[in-house]
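J.: One structure coming up, written as structure tokens, with questions to follow.
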Amino acid sequence: MSVKDVEKKLQREMLKKVERKRLKIEKDKDLFETVEEVFDSRTVMALYSLINKGIIDSMRGVVKAGKESRIYWAKGRNGEDLAIKIFLTSSMEIKKSMLQYIHGDPRFKVGKDYRRIVYTWAQKEYRNLSEAKSAGVLVPNPICAYQNILVMEFIGADGVPAPLLKDLPELDESLYQQILVAIKKLYSSAGLVHADLSEYNIMVNEGKAYLIDFGQAVSRDHPMSLEFLRRDVVNILRFFRKAGLNVPEEEAVLEWLKK
Ligand SMILES: Nc1ncnc2c1ncn2[C@@H]1O[C@H](COP(=O)(O)OP(=O)(O)OP(=O)(O)O)[C@@H](O)[C@H]1O
Ligand SMILES: [Mg+2]
């Protein structure tokens, strides 16, 4: 192939890429307008890039707008539902609070560039989800983390997220057991502590409890890991106790967890 041919080929590829991008944006016009209002241009470009790579086929709608992130419903290339978590790169306060869960975890190192901290945060959530999944803990299947965007399995159906534990009309013993077993697998097999576990960060889909929101989860080697573990356990026990279930004492559970 001559240099000219190669150039022609490249140009064709570029044109195809631009066209693909344009088509996707046309298809998701309203959504992209809102995305552009909320996110800076680098985030929008990162999203385009995931579309070009074929990881995201189309964006469908906002699922939840939180303080640190927004969750979108999207479709993957095989028509599967995806959850896209986009971390906001703007709030300084949030980045400061992120640092205590990054420093002390030997798996991650960060400097002072705030944007980088948020990228590390997305990577960290991805890695925590992967490690949790390998240990057999039920979590949304992580697909990739790119800059401040995390792509994962959508828990729910047709763009409607499964309810959070706190919103369930009825609770049973099985859920409580599933959650304790998940904490134990996370701690003993994955060597991780969730560190923000409560009825707000557990989704229940068809009777199965999924732990979510793993950005702050730390390695067992983090100097505060035992404190975080205790806090997680206390939150879960408190929730089920309030709901009228007969749950054991915190100390007994902690002992069992560390066995
Ligand atoms: N994989 C998923 N599939 C479907 N919905 C999800 C998924 N992950 C998160 N959600 C929904 O988005 C909400 C926020 O997600 P998450 O807890 O990970 O973010 P957050 O940064 O803690 O947000 P917030 O500040 O609102 O707590 C969840 O409560 C849940 O309703
Ligand atoms: Mg949360």
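The values are calculated or read from the model by the stated rules, or taken from the named source; none is laboratory data. Worth saying up front: this structure is predicted, and the values here are computed from it rather than measured. Cβ coordinates were reconstructed from backbone atoms using ideal geometry, including for glycine residues, and neighbour counts include every protein chain displayed. Just so you know, the surface numbers come from the protein's heavy atoms only, side chains and all, with ligands and any DNA or RNA stripped out. Shrake-Rupley method; radii C 1.70, N 1.55, O 1.52, S 1.80 Å.
J.: Read through the list (1) more than 16 Å from ligand 2 (Cβ to nearest atom); (2) among the β-branched types (Val, Ile, Thr); (3) open to solvent by less than 30 Å² (accessible area, probe 1.4 Å), then give the number of the only condition that Ile55 fails.
T.: For Ile55, the failing item is (3).
J.: Taking the stretch 98-136, which residues are open to solvent by 10 Å² or more (accessible area, probe 1.4 Å) and either closer than 22 Å to Ala209 by Cβ or in the same structural domain as Lys208 (by TED's automatic domain parsing) (or both)?
T.: Across the stretch 98-136, the qualifying residues are Tyr126, Arg127, Ser130, Glu131, Lys133, Ser134, Ala135, Gly136.
J.: Is it true that Val204 is more than 16 Å from ligand 1 (Cβ to nearest atom) and not assigned by TED's automatic domain parsing to the domain that holds Lys124?
T.: Against the criterion (more than 16 Å from ligand 1 (Cβ to nearest atom) and not assigned by TED's automatic domain parsing to the domain that holds Lys124), Val204 does not qualify.
J.: What number of residues within the stretch 33-67 satisfy the criterion of being more than 15 Å from ligand 1 (Cβ to nearest atom), modelled with pLDDT of 90 or more and of a type in the set (D, E, K, R)?
T.: 2
J.: It is to be established whether one or more residues within the stretch 102-114 are in contact with a Leu (Cβ under 6 Å, 6 or more places away or on another chain) and closer than 25 Å to Met203 by Cβ.
T.: no
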